[in-house]
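A quick write-up on the structure given underneath.
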Amino acid sequence: MKELEERIKADGTVLSGDVLKVDQFLNHQVDPDLMFAIGQRFAQLFADNNITKIITVESSGIAPAIMTGLQLHVPVIFARKHKSLTLTDDLYTANVRSFTKQTDNQITISKKYLTSSDNVLIIDDFLANGQAVFGLLEIAKQAKFNVAGVGIVIEKSFQPGAQKIKDQGIRLESLAKIKSLADGQVTFMSAE
Ligand code: 5GP
């Protein structure tokens, strides 16, 4: 998605540890027009898949997920991050290691919002090692709903998450694919 790549070039900052900071439009301040366009693109890509619900992880997945839900006219559920839980009977839970914070989180979704007849689209802001997506796939296994695909705003293609998702035979659509963040420079796959 050209508009997104241009915005990353203009406003993204490369931090150490192969982290791209995009607080200007996605992770802190949010650009609603860009988010709307992102939602429109995901909605087009999955228009024929009979999606019934979108799931994401709080907090940065919520903006792109809600804009996609708006245009597919389906509810959006965000998994909550909890450190520890005692009462988990009515919750689906999975463990996720945070890429940026290097901490372990438990993510949870209430059982009442997902059923085995749902056809779900997973949306997230970034894809690095795939921990967040695999946490949501673990919840899919528990709840027995189908995952129609995964939509990612910014895929860091040089990290293992993308290949791991594709290796599972799951459809992956990423709107910007980053080939490298070496030397503080953002290089896109599309630049090849
Ligand atoms: P993964 O679970 O695929 O290893 O990492 C994805 C999650 O970590 C995303 O939900 C995002 O919050 C965070 N993340 C991973 N890489 C980056 C990055 O380069 N920049 C930012 N801002 N967040 C990232």
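Quick check: convex hull of the Cα atoms in segment 68-155, volume per residue, rounded to a whole Å³? Roughly 94 Å³ of hull volume per residue. Computed with a 1.4 Å probe over protein heavy atoms only, the accessible surface of the chain comes to 51 Å² per residue. Backbone phi angles across segment 48-58, fed through the Karplus curve with coefficients 6.51, -1.76 and 1.60 (θ = phi - 60°), yield HN-Hα couplings of 9, 9, 6, 5, 9, 8, 10, 10, 8, 10, 5 Hz in residue order; Gly and Pro are listed as x. Taking the DSSP bridge list for segment 44-192 and keeping only pairs wholly inside it, about 35 percent are antiparallel. Here the accessible area is traced with a 1.4 Å probe on the protein chains. For segment 11-153, carbon and sulfur cover 48 percent of it.
Modelled spin labels at residue 173 and residue 144, positioned 7 Å past Cα toward Cβ, are 2.8 nm from each other.
The mean of 1/r over all pairs of different alpha-carbon atoms in segment 151-192, once inverted, gives a Kirkwood hydrodynamic radius of 10.8 Å. Normalised by residue number, the volume inside the convex hull of the Cα atoms of segment 108-191 is 91 Å³ per residue. Relative contact order of the chain: 18 percent, from C-alpha pairs under 8 Å at least 6 residues apart in sequence. The ellipsoid equivalent to the alpha-carbon distribution of the chain has semi-axes of 26, 19, 15 angstrom, derived from the gyration tensor eigenvalues as √(5λ) and listed largest first. Between the C-alpha center of segment 145-192 and that of segment 2-49 there is a gap of 13 Å.
The values are calculated or read from the model by the stated rules, or taken from the named source; none is laboratory data. Owing to the predicted nature of the structure, the values given are computational and were not obtained by experimental measurement. Reconstructed Cβ throughout: ideal geometry from the backbone, glycine too, with neighbour counts over all protein chains shown. What goes into the accessible areas is simple: the full protein's heavy atoms, side chains included, and nothing from ligands, DNA or RNA. Shrake-Rupley method; radii C 1.70, N 1.55, O 1.52, S 1.80 Å.
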